[in-house]
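Asker: Starting off with a structure, shown below.
The values are calculated or read from the model by the stated rules, or taken from the named source; none is laboratory data. Quick caveat: nothing in here was measured; it's all calculated off a predicted structure. Note that we place each Cβ from the backbone using ideal geometry, even for glycine, and neighbour counts take in every protein chain shown. Ligands, DNA and RNA are excluded from the accessible area calculation, which covers all protein heavy atoms including side chains. Shrake-Rupley method; radii C 1.70, N 1.55, O 1.52, S 1.80 Å.
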Amino acid sequence: MRLIKLLLKGLLVTVPLALLLITVNYRVDGSAVLRGDKFELEVAQAWLSDKAVGNFTNAINERSVMRLYVENLNQPLDTLVLGSSRAMQITAASTGAEGYFFNAGMTGADRKDILSTFYLFDRADKLPENLVIAVDPWIFFDSEEALNFRSDDNLYREFLSQRLGMETEYTPEDQSVRRKALTSPAYFQENIQYFYSDHSEEERPTILANRMDDLDEDIRLADGTQWYSASVRNASQDQVDHNALEVANVDYAQLYGFTDVDEELLRQFQAFISYAVNRGVNVTLVLTPFHPIYWDMLSVNPDYSGVQQAEQAMRNLAAQQGVLLVGSYNPTDANVSNEDFYDGLHIRRESICKYYDDGKKVEAPEPVQQEITQDAEQDSETERQT
Amino acid sequence: MLFNSLQFLIFFPVVCLVYFPLPQVLKKPWLLVCSYYFYMCWNAGFALLIAFSTLTTWLCGFVIEKAKAEQRSDCRYFPKLALTMNIAVNLGILFFFKYFDFFSQTIAGVFSAVGITYAPVQLGLTLPVGISFYTFQALGYSIDVYRGEHPHEKNLLNYALFVSFFPQLVAGPIERSVNFLPQLKQRHYFDERRTEAGVLLMLVGFFKKLVIADGFASLVDPVFSAPGNYSGLQLLLASVMFTLQIYGDFSGYSDIAIGAAEILGFSLMRNFDRPYFSASVSEFWRRWHISLSTWMRDYIYIPLGGNRRGPWRKRLNLLITFAISGLWHGAKWTFVIWGMLNGLYQCIEDMLRTAWRKLFHRSPAPVNPKRLCELPFLRRVIRFPGILLTFGLTSLTFIFFRVSTLQQAAQILKTVFSTPAAGYTGLENWMTALSGLDFFGNIHASHIQPGWLLTATGVGLVGALLVLTVLELIDAPFRYTKVLPEQTDREKQDYAIDTEHPNLGDRVAAWAFPARWLMAIILLGAILLWGSFAPSGFYYFQF
């Protein structure tokens, strides 16, 4: 009895402080260990509650946003779009998708981003019914330049290892970090300091109820797509073409020196598509066209010959896996012209239907026979069997 | 296993939860097992050293008592011989592990000075944690038995536990057989009040260690690792901060040790008595590391003749005792000089006191200054400058305690004393100096935010010092009370020793529950807000 009395007294002292500790650590979470990055969480929550986000600066980590989005997603999506900023104009309307649609395009997304974002949904058992992958050619370019420093290499490796059965090293995510952070007194001190520190210079995203056409800043809409600022949307054709010329005249880092499709990266992508198909996901590959001025350079310069190889490889893959492929890097093949672009790289949202055929997907053309490595064939065969 | 580790926070409750329900006959074996486990967490092999020291000292006690009891003429040298052998064995082990390299280097240095150079033999052994503490405890026991101040403990289990009792095993207090061994013969029960007192004292200890000691250490350590980069004012501030750090560290350890022992039903001797309120260096040494000071007094100073052989011999004895005390702390000349400086201060004080006494003992003046100074009010007023002076002297002396080499100490003192007075005055100088010591963290004065008031290192430390001052005042003699709450007779008997000299935990435990609750919340809150949670050892573990 005396022991119980003493324990109760002890609890009376420790419980209030423990509650304070846990509450502060969880609510403030200055290092974004427990709830994710503060602003990123705001963005994810805004999207989930069907709101647009303004002031979406580079300070916001889109990879973190996606993690938090998936974590807080209550139901699987009907349609998910993966890709770089060149995919960010793909809307439910342009794909003819119905139901719950989300565009998870990221600025400068590389191959790791595509695979790891898919893995986020897969790991959370929230795979979409339809998957639209806007395939940029640089995802088959084995160069550091074709990678984004923000992409999650460990998550990508985990996907390769855990889902595609490819031998690669990764560090399993340590869930105990969260538990430790929740009860850590050192983290409590850090959080108190963070809570009272000066946040006036932080670039906070603004949550918007509507699209706000007049706002002269880029907005990420509730479906994840990018709504360019008025100045970009209303740029004159001269400005757009000038920009395309500039892009064509500088050695665009992500593609420069891309002379051959990397066989290993292609094999990974094939295995990924095969895995997605086997999981019952309807996959559509989208080849977003480049601005005609830029394409003129890409198509003739041998330093970029990998771009056309990548398109051919995707056509072969689509045929092999029986998935749909729409569009082309070549603007002529995609039925678009100079007027259909915001700049040298990004197609206008309303022009996507020109090659997406207003929601009616264009069947992949007859495949051109091209050698696919024996390994890749075997891999996809194995995947199919599994 | 450090007191300030998660391991100990699990270990100690487990020890208690098993200990109290056990039958009395199993309590001591359990504590012995736990004590050895506690020690073996550092280095399992070194537990053999403790076991060896325990066995030899116990056998020595046995031989001494046996020889004394027989009173045969052919055995009259046996006790002295046994004692000498025991001292030789224990000090031999201590010398081998702690002092061999130091003396080997010193001798080589002496030879080198006369032109004979050779490479000194260096063993480079790891120092067993707490060896100086348990060796002195064992030596104290055998001397007590030899002197007849305490009978030989016939139960080896009791004696082994006396040497290795885990709360005080690695950094004291250096217990005396007279105080501790009788407690091992008593029955120990769970006592709610005593447990509360122990927990509160442990909390005070954790506060001193995690907030005061580790907080100041984060400011002080960079200064002492590169003193050449700092100004005179910064070096002076760092030495003052180190003085506070070492107190927080060591008295914090002692509080945790005494509190833990108290929960288990044992009263360890008080090791600190608000030493920085001392008005003289000799008073400081009566209130700082009391268990070592009294050990030195009883086993070195008094056998040397103490104050019985005239004033000059007394001063020489003081110097010798404090030089040994310095050497006990560490095998370095810096520690020896630190000890000797403390001895020297006391010699000077003794001379001044003698002169004062001679001057005013039979003063013909109408108002005798000596008697005037004994008036209670004036006594307190006069103490204040004494306290400041003693603190200043102690801080300067602690420079030798903290530095790695004598050259470093000389460099610091040279910078401190060669800085012009203007370098120590002016708000701007102080702000620059404190800022250079990272006192304000990375926050500039122009960006002061409310959080700064709560979390900046320096502000936290100032707040913590205020809490510490309140704790010291609570512990002050004028709040002394012998009144303890009602207890059963048996508990009173077990608790009797504490009733004579209640420590801070006992005093707070006697308060009403809301006050105790508030105290615990304040201490835990301060630890939570300002404590350092990076793993850090206790300073005295190196001794």
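Asker: Got the relative contact order for chain A handy, in percent, Cα pairs under 8 Å and 6 or more residues apart?
Answerer: Values: 650 pairs, mean separation 79.5, N = 386.
Dividing the mean separation by the residue count of chain A yields 21 percent.
Asker: Students sometimes get this wrong: rank B:T394, A:T332, A:T57, A:T259 by accessible area, probe 1.4 Å, all chains present, largest first.
Answerer: Details: B:T394 10, A:T332 110, A:T57 30, A:T259 55 Å².
I get A:T332, A:T259, A:T57, B:T394, largest accessible area first.
Asker: Which of the residues in the range A:167-203 show a loss of at least 10 Å² in accessible area from their chain by itself to the complete set of protein chains, at a probe of 1.4 Å?
Answerer: At a threshold of 10 Å² (probe 1.4 Å), the residues of the range A:167-203 that become less exposed are A:P185, A:A186, A:F188, A:Q189, A:I192, A:Q193, A:Y196, A:D198.
Asker: For the peptides A:184-192, A:6-14, what is the packing order when you average, over each peptide's residues, the other Cβ atoms within 10 Å and list the highest mean first? Spell out each step's value before the answer.
Answerer: Numbers: A:184-192: 19.9, A:6-14: 13.9.
Going from most to least packed, we get A:184-192, A:6-14.
Asker: Running a GNM on chain A with Cα contacts under 10 Å, which residue among A:D136, A:D241, A:D113 ends up with the highest mean-square fluctuation?
Answerer: A:D241
Asker: As a test of the definition: which semi-axes, in Å, follow for chain B when you take the square root of five times each eigenvalue of its alpha carbon gyration tensor? Largest first, please. Working shown, then result.
Answerer: Numbers: eigenvalues 269, 199, 145 Å².
Whole-Å semi-axes of the equivalent ellipsoid: 37, 32, 27.
Asker: Here's a follow-up. Counting pairs of alpha carbon atoms under 8 Å apart in space and at least six apart in sequence, what relative contact order in percent does the range B:64-200 give? Could you put the intermediate results ahead of the total?
Answerer: On the way: 97 pairs, mean separation 31.2, N = 137.
Reported relative contact order: 23 percent.
Asker: What ratio of Cα Rg to 2.2 N^0.38 Å holds for the range A:7-153? Don't skip to the answer; put the middle values down first.
Answerer: Working: Rg = 18.9 Å, N = 147, 2.2 N^0.38 = 14.7 Å.
Relative to the 2.2 N^0.38 Å estimate, the range A:7-153 comes out at 1.29.
Asker: Can I ask one more? Using amide H atoms built 1.01 Å from N in the peptide plane, name the residues 5+ places from A:V326, or on other chains, whose amide H lies under 5 Å from its own.
Answerer: Those lying under 5 Å, H to H, from A:V326 are A:L285, A:V286, A:L287.
Asker: Tell me the mean residue ellipticity at 222 nm calculated for chain B from its helices only (DSSP H runs of n ≥ 4, each -39500 (n - 2.57), averaged over every residue, nearest 500). Don't skip to the end; give the middle numbers.
Answerer: Working: 25 runs with 360 residues, N = 543.
After summing the helix terms and dividing by residue count, I get -21500 deg cm²/dmol.
Asker: Find the sum over both chains of the accessible area lost when A and B are paired, probe 1.4 Å, and report it in Å² to the nearest 100. Don't skip to the answer; put the middle values down first.
Answerer: Working: alone 18720 and 25600 Å², together 42310 Å².
In total, this chain pair buries about 2000 Å².
Asker: Here is a follow-up. Considering every residue in A:11-20, what mean count of other chain Cβ atoms within 10 Å of its Cβ is obtained? Mind showing how you got there, number by number?
Answerer: Working: counts 0, 4, 10, 3, 0, 4, 6, 2, 0, 2.
That works out to 3 on average.
Asker: A follow-up question, please. Rounded, prolate or oblate for the range B:102-160? Axes are the square roots of the Cα gyration tensor eigenvalues, ordered a ≥ b ≥ c, and the cut-off for rounded is a/c under 1.5.
Answerer: Working: a/c = 5.66, a/b = 2.63, b/c = 2.15.
Verdict is prolate for the range B:102-160.
Asker: Averaged per residue, what accessible surface does the range B:265-351 expose to a 1.4 Å probe, in Å²?
Answerer: Accessible surface, normalised per residue, equals 36 Å².
Asker: Quick one: which bits of the range B:190-223 get at least 50 Å² less accessible when the partner protein chains are in, versus the chain alone, with a 1.4 Å probe?
Answerer: B:F190, B:E192
Asker: Taking the range A:107-183, which chymotrypsin sites (Phe, Trp or Tyr not before Pro) meet the DSSP loop condition and have no more than 15 other C-beta atoms within 10 Å?
Answerer: Details: sites: A:F118, A:Y119, A:F121, A:W138, A:F140, A:F141, A:F149, A:Y156, A:F159, A:Y170; in loops: A:F141, A:F149, A:Y170.
Passing sites in the range A:107-183 are A:F149, A:Y170.
Asker: Let me understand the protein assembly as shown better: what is its radius of gyration from the alpha carbons, and its Dmax, in angstrom?
Answerer: Cα only, the protein assembly as shown: 38.7, 127 Å (Rg, Dmax).
Asker: Any residues in the range B:518-534 that have 30 Å² or more less accessible area with all protein chains than in their chain alone, probe 1.4 Å, and which are they?
Answerer: Output list: B:I521, B:L524, B:L528, B:L529, B:F533.
Asker: Moving on. So if the hydrodynamic radius of the range B:254-296 is defined as the Kirkwood radius over C-alpha pairs, what does Stokes-Einstein give as its diffusion coefficient at 37 °C and 0.692 mPa s, in µm² per second? Don't skip to the end; give the middle numbers.
Answerer: Working: Rh = 11.0 Å.
Estimated via Stokes-Einstein, D reaches 298 µm²/s.
Asker: How big is the gap, in Å, between the Cα center of the range B:24-95 and the Cα center of the range A:307-356?
Answerer: Answer, in whole Å: 89.
Asker: Right, something else. Count the DSSP beta bridges whose two residues both fall in the protein assembly as shown, then state the antiparallel fraction as a percent rounded to the nearest 5.
Answerer: On the way: 7 of 23 bridges.
If I count the DSSP bridges inside the protein assembly as shown, around 30 percent turn out antiparallel.
Asker: Quote the Stokes-Einstein diffusion coefficient, in whole µm² s⁻¹, for chain A, based on the Kirkwood radius over alpha carbon pairs, a temperature of 20 °C and a viscosity of 1.002 mPa s. Walk me through the intermediate numbers first.
Answerer: On the way: Rh = 22.6 Å.
The diffusion coefficient I find is 95 µm²/s.
Asker: With all protein chains present, how much of the accessible area of the protein assembly as shown (probe radius 1.4 Å) comes from carbon and sulfur, to the nearest whole percent?
Answerer: Details: 25510 of 42310 Å².
Heavy-atom surface of the protein assembly as shown belonging to carbon and sulfur, 1.4 Å probe: 60 percent.
Asker: Setting aside same-chain residues fewer than 8 positions from A:K126, which lysines have a Cα under 25 Å from its Cα?
Answerer: Once the sequence-local lysines are set aside, what remains near A:K126 is A:K38, A:K51, A:K112, A:K361.
Asker: Separate question: Hey, in the GNM for chain A with a 10 angstrom Cα cutoff, which one of A:N154, A:N249, A:N338 fluctuates hardest?
Answerer: It is A:N249.
Asker: Quick check for you: with a 1.4 Å probe and neighbouring chains kept, what is the accessible area per residue of the range B:31-152, in Å²?
Answerer: So the range B:31-152 comes to 51 Å² accessible per residue, rounded to a whole number.
Asker: Return the whole-Å distance between the Cα centroid of the range A:130-182 and the Cα centroid of the range B:416-439.
Answerer: Distance between centres, Cα-based: 53 Å.
Asker: Another question, if that's okay. Relative contact order for chain B: what is it in percent, counting Cα pairs under 8 Å that are at least 6 residues apart?
Answerer: Values: 676 pairs, mean separation 101.0, N = 543.
Relative contact order of chain B: 19 percent.
Asker: Could I ask something else about it? Can you spot the lysines whose alpha carbon is less than 22 Å from B:K154's alpha carbon? Ignore those fewer than 8 places along the same chain.
Answerer: Output for B:K154: B:K27, B:K28, B:K66, B:K68, B:K80, B:K185.
Asker: Shifting gears a bit: Given H placed 1.01 Å from N in the peptide plane, which residues other than close sequence neighbours of A:F341 have an amide H under 5 Å from its amide H?
Answerer: Amide H to amide H, under 5 Å and 5 or more residues apart or across chains, A:F341 pairs with A:R348.
Asker: Percent of Cα-Cα pairs per 10 Å bin, from 0 to the last occupied bin, for the range A:99-140, please list those.
Answerer: All Cα pairs considered, the percentages come to 25, 57, 17, 0.
Asker: Sticking with this one: Test of understanding: what is the full-extension gain from A:A18 to A:L245, defined as 0.36 nm times their sequence separation minus their Cα-Cα distance?
Answerer: On the way: separation 227, 0.36 × 227 = 81.72 nm, distance 6.15 nm.
Difference between extended and current length: 75.6 nm.
Asker: With θ set to phi - 60°, apply the Karplus curve 6.51 cos²θ - 1.76 cosθ + 1.60 along the range A:239-244 and write out the HN-Hα couplings as whole Hz, x wherever there is a Gly or Pro.
Answerer: Running phi through 6.51 cos²θ - 1.76 cosθ + 1.60 with θ = phi - 60° gives 4, 5, 5, 4, 5, 4 Hz.
Asker: Can you give me the Cα centroid spacing of the range A:78-108 and the range B:110-157 in angstrom?
Answerer: Spelled out, the Cα-based centre of one part sits 78 Å from the other.
Asker: If you don't mind, there's one more thing I want to ask. For every helix of n ≥ 4 consecutive DSSP H residues, a contribution of -39,500 (n - 2.57) applies; sum these over chain A, divide by its total residues, and give [θ] at 222 nm rounded to the nearest 500 deg cm²/dmol. Numbers along the way, then the final one.
Answerer: On the way: 15 runs with 170 residues, N = 386.
So the helix-based figure for chain A works out to -13500 deg cm²/dmol.
Asker: Per residue, how many Å² of accessible area does the range A:95-144 show with a 1.4 Å probe?
Answerer: On the way: 1380 Å² over 50 residues.
Per residue, the range A:95-144 has 28 Å² of solvent-accessible surface.
Asker: A further question follows. Would you mind checking the radius of gyration and Dmax of the range B:263-407 based on alpha-carbon positions, in Å?
Answerer: Cα radius of gyration and Dmax of the range B:263-407 are 17.3, 59 Å respectively.
Asker: What share of Cα pairs, in percent, lie more than 26 angstrom apart in the range B:58-202?
Answerer: Values: 4619 of 10440 pairs.
Summing the P(r) tail past 26 Å for the range B:58-202 gives 44 percent.
Asker: In addition: Taking the simple approach of a point 7 Å from Cα along Cα-to-Cβ for both A:D78 and B:W517, what is their distance in nm?
Answerer: Label-label distance for A:D78 and B:W517, simple model: 5.7 nm.
Asker: According to a simple spin-label model (label point 7 Å from Cα along Cα-to-Cβ), what is the distance in nm between B:E70 and A:Q320?
Answerer: 9.8 nm
Asker: Specify the residue with the greatest mean-square fluctuation among A:P302, A:P331, A:P172, computed from a Gaussian network of chain A linking alpha-carbon atoms under 10 Å apart.
Answerer: Comparing A:P302, A:P331, A:P172 in a Gaussian network model of chain A, the most mobile one is A:P172.
Asker: Ignoring ligands, DNA and RNA, how do A:T206, B:T56 rank by accessible area with a 1.4 Å probe, largest first? Mind showing how you got there, number by number?
Answerer: Numbers: A:T206 60, B:T56 35 Å².
Ranking A:T206, B:T56 by accessible area, largest first, yields A:T206, B:T56.
Asker: Pull up all non-local amide H partners of A:N103: gap of 5 or more, or a different chain, and H-to-H distance under 5 Å with H placed in the peptide plane.
Answerer: Counting only residues 5 or more places away or on other chains, the set is A:V81, A:G224, A:T225.
Asker: OK, next. Counting other Cβ atoms within 10 Å, keep those with at most 16, restrict to DSSP loop, and tell me which trypsin sites (Lys or Arg not before Pro) in the range A:245-336 are left.
Answerer: Sparse-neighbourhood loop trypsin sites (Lys or Arg not before Pro): A:R279.
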